[in-house]
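Asker: I have a structure I would like to understand better, so I am pasting it below and will then ask my questions one at a time.
The values are calculated or read from the model by the stated rules, or taken from the named source; none is laboratory data. As the structure is a computational prediction, the values presented were derived from the model and not from experiment. Reconstructed Cβ throughout: ideal geometry from the backbone, glycine too, with neighbour counts over all protein chains shown. We work out accessible area using only protein heavy atoms, side chains counted, and drop any ligands, DNA or RNA first. Shrake-Rupley method; radii C 1.70, N 1.55, O 1.52, S 1.80 Å.
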Amino acid sequence: MNMKRIISVLLVFALLAGLGTHAAAVEVGEQRVVLGADLNAEQRAQVLNTFGLAPGHVPEMTVTIEQERAYLQGFVSDSVIGTRSISSIYIMTLPPGSGLDISVSNINWLTEEIYTNALVTAGITDARVIITAPVPVSGTAALTGIYIAFEDISGETLPEEAKLTAVEEAVVTGQIAEQLGDSEDIAALMNELKLILDEIRHMNDNEVRDEIRRLAIEFNIDLTADQVEQILRLARNLQNLDLGALQGTIESIARNWERLAGIGETASGFFGSVAGFFSNIGSAIGNFFSRIFG
């Protein structure tokens, strides 16, 4: 594995570990449940039991198929959206810097990695989220439900462009992951792409295609021409978003690398090597990120 791939994988890990900031100020410990509107009484009880909640213990809302389609139509086929809203979510806000703690059950299309990337893109970075359904479903209703819950908690509307781009990211990543049979590498590629958005905005489409293919080679992903075009369209939408939150996340990662290196001072083997690696390249990485985002 080359150095750039190591950096990218560790960046993804750090994002999952929660080095980020809220897009909206929220009270820590706020909880919401958003249930699929088409659950029957028995299924609602089953879902709440999965969340470890009694009915009415926390504020409950619903997500409808109409709300789901408002975000997803145009990005995904009706066969994936389905005709009913079933998947449901529980969310609790965490202190800034805690990150996203996501667990998924009975969801057969979107994965934890895909949900994580989509939520970070939308500006949700510090929360515990449980996503489930009484039967295996795609999980698209739950994605919409998370936005409903977070907006209710914060009292603010998440930027529409960010939500739509996050949905597009989830759909594109989900489709390609399904075709490749691997969600982790394509999710990592998407995060690597976010790191160079400031460069991409100055490239023409052919140059961006070349950059996508280069990243695919680094991550050992064999992309088709159609998949490259999907990622190109997504990259163009991502580049229009405010990069401030992402910059803050990356700066937090850079600041924590020295701390992580300190942990390895008494470690041996792999962790000791990783600590030494960070200690040696910390300054170079800081300059690298300053070049990208400065």
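Asker: According to the Kirkwood expression over distinct Cα-Cα pairs, how big is the hydrodynamic radius of region 78-168, in Å?
Answerer: On the way: mean 1/r = 0.0757 Å⁻¹.
For region 78-168, the Kirkwood estimate is 13.2 Å.
Asker: Please list V104, V171 from largest to smallest accessible area, probe radius 1.4 Å, with all protein chains kept in place. Kindly include the intermediate steps, with their values, before the conclusion.
Answerer: Details: V104 40, V171 5 Å².
So the residues, ranked largest to smallest area, are V104, V171.
Asker: Okay, moving on. If you build the convex hull over the alpha carbons only and average its shadow over all orientations, what do you get for region 43-129? Give it in nm² to one decimal.
Answerer: On the way: hull surface 25.8 nm².
That works out to 6.4 nm², a quarter of the Cα hull's surface.
Asker: Leaving ligands, DNA and RNA out of it, work out the accessible area of T64 with a 1.4 Å probe and give it in Å² to the nearest 10.
Answerer: Per-residue accessible area (T64): approximately 40 Å².
Asker: Right, another one. Considering only the other residues whose Cβ falls under 11 Å of the Cβ of S85, what net charge follows from Lys and Arg at +1 and Asp and Glu at -1?
Answerer: Working: positive: R69, R84; negative: D38, E66, E68.
With Lys, Arg at +1 and Asp, Glu at -1, the neighbours total -1.
Asker: Next up: What distance in nm separates the simple spin-label points at R214 and N240, each placed 7 Å from Cα in the Cβ direction?
Answerer: Rounded to a tenth, the inter-label distance reads 2.5 nm.
Asker: Run the numbers for N206 and V135: contour at 0.36 nm per residue of separation, minus the present Cα-Cα distance, in nm. Intermediate results must be reported in sequence, preceding the final value.
Answerer: Numbers: separation 71, 0.36 × 71 = 25.56 nm, distance 4.31 nm.
Computed gain between N206 and V135 is 21.3 nm.
Asker: Compare T83, T132 by solvent-accessible area with a 1.4 Å probe and give them largest first, with all protein chains kept in place. Can you show the working numbers first?
Answerer: Values: T83 110, T132 5 Å².
Heavy-atom accessible area, descending, gives T83, T132.
Asker: So if R0 is 41 Å, what FRET efficiency would D38 and D182 give, r being the distance between their Cβ atoms, rounded to the nearest 0.05?
Answerer: Calculated value: 0.85.
Asker: Moving on to the next point. Which order do R209, R214 take by accessible area at a 1.4 Å probe, largest first?
Answerer: Details: R209 45, R214 75 Å².
Putting R209, R214 in descending order of accessible area: R214, R209.
Asker: Over what distance in Å are the Cα centres of region 32-109 and region 155-194 separated?
Answerer: That distance is 18 Å.
Asker: Rounded to the nearest percent, how much of the accessible area of region 92-220 (1.4 Å probe, protein heavy atoms only) is carbon and sulfur? Working shown, then result.
Answerer: Working: 2010 of 4410 Å².
Of the solvent-accessible surface of region 92-220, carbon and sulfur hold 45 percent.
Asker: Moving on. So what's the Cα pair-distance distribution over region 89-236, bin width 10 Å, in %?
Answerer: 11, 40, 33, 15, 1
Asker: G29: net charge of surrounding residues, Cβ under 13 Å, Lys/Arg +1, Asp/Glu -1, itself excluded?
Answerer: Values: positive: R32, R128; negative: E27, E30, D126.
Here the count lands on -1.
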